[in-house]
1. Under a 1.4 angstrom probe, counting protein chains only, how are Ile141, Ile273 ranked by accessible area, largest first?
2. Could I have the simple spin-label model distance between Ala246 and Ser23, label points 7 Å from Cα toward Cβ, reported in nm to one decimal?
3. Quick one: net charge around Asp28, please, counting Lys, Arg +1 and Asp, Glu -1 for every other residue with C-beta under 15 Å from its C-beta.
4. Looking only at region 209-236, which residues have a backbone nitrogen under 16 Å from a spot 7 Å from the Cα of Thr266 in the C-beta direction?
5. Positive end of the charge dipole of region 132-190 (Lys, Arg +1 and Asp, Glu -1 on Cβ, about the Cα centre): tell me which of Ile185, Tyr156, Val144 has its Cα farthest that way.
6. In debye, nearest 20, what is the charge dipole magnitude of the chain about its Cα centre with +1 on Lys and Arg Cβ and -1 on Asp and Glu Cβ, if you could check?
7. Against the longest alpha carbon principal axis of the chain, how many degrees, from 0 to 90 and to the nearest 10, is the axis of helix 235-250 turned?
8. Just to verify a number: FRET efficiency for Cys155 and Arg86, C-beta to C-beta distance, R0 = 35 Å, to 0.05?
Amino acid sequence: MEVKRVPVESRTVETPIGPFIISLVREDLGGVYPGMRRYTVEIRHAEQCVYRYVINSYEQPPHTLFSTDEVAEIVFGRLAYDVAARPQHYTEALAPVHRALPGGTYDVVILQGSPRQFGSSATLAGWCADEASRQNRSAHIFSVHEMEIRPCSGCYVCYNQGICPIDDDMPVIIKAIETASLLIIATPVYTNTVPAGLKAVIDRGQALHARHTLLGRPSPGNGLLIAIAGRPGPEPFECTRSVTNAFMRNIGIHPAGEITIDRMDTRRDVRAIEGLEERVRTAVASLL
Ligand SMILES: Cc1cc2nc3c(=O)[nH]c(=O)nc-3n(C[C@H](O)[C@H](O)[C@H](O)COP(=O)(O)O)c2cc1C
């Protein structure tokens, strides 16, 4: 996405150890969210960036004391004052922001949404991974309830530099999704939607959205939903589908296929459903 950068203010502060240039830049991120603005205050010294402060207008709830525009101005003025007062605190070049994410890369990433390790979703995920390796593609199943994934805190900081400040296992999933060619979600329906652990991953996908829209990070072209429910009929899948499709579309994935399996309260074992394994394998193979 093209981001328009507007220089707002720039000041040179002369000090005994040389000049410092402080700049305030506004970016219009209205293409990401309505009215979103991002401000960057940067201090440069001896051709290097030695300090950077970034804030966007979605970070602040409506009733904060200062607007984002005011905060940016205040930080700019305060830093100009501080640099003049103690320039020696601003001499070290900033480390690059975009550190490599941890974890592996796979052709197929499978988010397994059930907390039951040996449940139906785990079996379905296993068939998907096995079919990928039959097709000579690597695959990895993330059993999200086994991982430490905290809920999104709604801080919107990911729209500053594409990095979520929460320190847990999510970066491993982000890296895997960004480098895969197919994303599969294999999940039970819980209260008409996905279980909480998977919902946490989906909400934390906000960072993926930020990276995709602002940094141009890639995402798998296609997504496949395999959802399983206790009750009969289409109703349990309506909200589930809506949630997983929104997640996929947000990060540039085309929801290309869907398999829904109802009546598990009476059917009990997915392995006993005639033709299901074949349907799952065919769907995976066709999307590779
Ligand atoms: C907390 C909870 C909520 C559930 N909510 C629904 C629901 O709203 N609709 C439905 O059809 N089944 C619901 N189920 C049933 C599961 O979707 C079903 O048992 C499924 O087969 C479990 O898959 P798993 O073996 O992969 O865990 C729920 C189960 C649990 C434990």
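1. Ile141, Ile273
2. Once both label points are built, they end up 3.8 nm from each other.
3. Here the count lands on +2.
4. So the set is 229-236.
5. After comparing all options, I get Ile185.
6. Roughly 240 debye for the chain.
7. Between helix and principal axis, roughly 40 degrees.
8. That pair, Cys155 with Arg86, gives E of 0.75.
The values are calculated or read from the model by the stated rules, or taken from the named source; none is laboratory data. Worth saying up front: this structure is predicted, and the values here are computed from it rather than measured. Because the Cβ atoms are built from the backbone with ideal geometry, glycine has one as well, and the counts that use them run over all protein chains shown. Calculation scope for accessible area: heavy atoms of the full protein, side chains included, ligands and nucleic acids excluded. Shrake-Rupley method; radii C 1.70, N 1.55, O 1.52, S 1.80 Å.
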